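Below is one structure; the comments refer to it alone.
Please treat every number below as a calculation from the coordinates, not as lab data. Please read all numbers here as calculations on a predicted model, not as lab measurements. Here the Cβ is made from the backbone with ideal geometry for all residues, glycine too, and neighbour counts use every protein chain on show.
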Amino acid sequence: MYAHLNDTTLFYDIDGAEFDPGHGELLRKPVLVVLHGGLGFDHAYLKPGLGPLRDHAQLLYVDLRGQGRSGRPPLESCTLEQMADDVAALCASLGLPRVQVFGHSAGGFVAMHLALRHPTLVAGLILCGSSPTVQPIMDEEGTEPAPSLASRAGPETLAVAGRVFGGDITDESVADFFREVGPFYAAPSHMHVPPRLTALSIMTVGMMRHFMTAIAPGYDLRPRLAEIAAPTLVVVGREDWVCPPRASRAIARGIPGARLIVLGEAGHFTFSETPAAFLDAVVSFLPPAASDPAA
């Protein structure tokens, strides 16, 4: 489905019914807006892991501007702030005054901007494998060392990663990256998971380059985390070197009342690496279905 707003087109998909008829009356489930990472991916890699949440929420998957099946406006318009405003406009067009928001990785960057810019819209915030900045984060004393790609991968894999992280972002280098480095996004026992997930998504190399070179270098929400008023759940895999646990701990320290859950034996794709533990955490955070005040 498509919505035309803010001078572009957003693709969105809905999974799950709005009303649950299983308790003797129609109960309205919360709406969970799902924001993908990358940037330069789309929503599809999230569906296998988040799909079971349809029993507890109506899932609204969004391809952010310039990505997936959404429109391709000028890259200079593709900022985190504008992406957040697009999501707010989509919710308004669908008649959704209050939503839960799930953001994975850089989708969490957009989700936090959404909570800051549209606080009356965001009733709850779930940040999964995300970070408040791409700058180095000083961790508190006594915590375990941050996981790293260098501790697991050989020199050839590190060279492929260095090419992309160094700014050489082309169709060829991105293909090499996801073939050689992609499996390491998961914990050692789940390296088969990332190729299966990333194969579902459309990769937008131009957006990846724009994100790495124009957006990420200036991204730092640490000074503003205390302004986020929405109840927040922070989930991270212990083996995540992309957005490591220290980044999630920084989010949880900064957002008042935020709850942090670190999942062992998981890397960057907690929802598909350790699905049972992930779903338990999210379901316990989501509000239950409630009686429809319009009935």
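Test of understanding: among Arg179, Arg163, Arg196, which residue is closer than 15 Å to His268 by Cβ and among the basic types (Lys, Arg)?
Arg196
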Problem - Any pair with Cβ under 7 angstrom, 6 or more apart, that starts in the stretch 263-288 at a residue that is farther than 12 Å from His56 by Cβ and in contact (Cβ under 8 Å) with a residue 24 or more places away in the chain and ends at one that is assigned to a helix (DSSP H, G or I) and charged (D, E, K, R) - result: Ala266/Glu273; Gly267/Glu273
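Name the strands (runs of 3 or more DSSP E) wholly inside the stretch 1-64 in which the number of residues that are over 27 Å from Pro132 (Cβ atoms) is 1 or more. First the steps, then the outcome.
On the way: elements: 2-5, 8-15, 31-35, 58-63.
The qualifying strands (runs of 3 or more DSSP E) are 2-5, 8-15, 58-63.
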Practice task
Within the stretch 258-268, identify whether any single residue is buried (at least 21 other Cβ atoms within 10 Å of the Cβ), under 20 Å from Val33 (Cα atoms) and out of contact with any Pro (no Cβ under 9 Å at 6 or more places or on another chain), and answer yes or no.
Solution key: no
Completion exercise
Checked against (1) free of Cβ contacts under 8 Å to residues at least 60 places away in the same chain; (2) in contact with a strand residue (DSSP E or B) (Cβ under 9 Å, 6 or more places away or on another chain), Gly218 satisfies every condition except (2)
Exercise for the section: Provide a single number: the residues in the stretch 59-114 that are closer than 26 Å to Arg28 by Cβ and over 17 Å from the mean Cα position of the chain (by Cα). Expected result: 10
Exercise for the section: Considering every residue within the stretch 71-87, establish whether at least one is β-branched (Val, Ile, Thr) and not in a strand (DSSP E or B). Expected result: yes
Practice task
Kindly check whether there is at least one residue in the stretch 132-140 that is within 20 Å of the chain's Cα centre (by Cα) and outside any loop (DSSP other than H, G, I, E, B).
Solution key: yes
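Could you look through the stretch 141-164, keep only residues that are β-branched (Val, Ile, Thr) and surrounded by 12 or more Cβ atoms within 10 Å (Cβ to Cβ), and pick out the one that is nearest to the chain's Cα centre (by Cα)?
So the first thing to find is which residues in the stretch 141-164 are β-branched (Val, Ile, Thr), and the list is 143, 157, 160, 164.
Among the residues that remain, those that are also surrounded by 12 or more Cβ atoms within 10 Å (Cβ to Cβ) are: 157, 160, 164.
Values: Thr157: 25, Val160: 24, Val164: 21 Å.
Here the residue is Val164.
Search the stretch 20-37 for residues being among the aliphatic types (A, V, I, L, M) and crowded, with 18+ Cβ neighbours inside 10 Å, and hand back the single one that is farthest from Gly103 (Cα to Cα). Give the derivation first.
Going residue by residue through the stretch 20-37, those that are among the aliphatic types (A, V, I, L, M) are 26-27, 31-35.
Those still in the list that are crowded, with 18+ Cβ neighbours inside 10 Å too: 31-35.
Working: Val31: 14, Leu32: 10, Val33: 8, Val34: 6, Leu35: 5 Å.
Of everything passing the filter in the stretch 20-37, Val31 is farthest from Gly103 (Cα to Cα).
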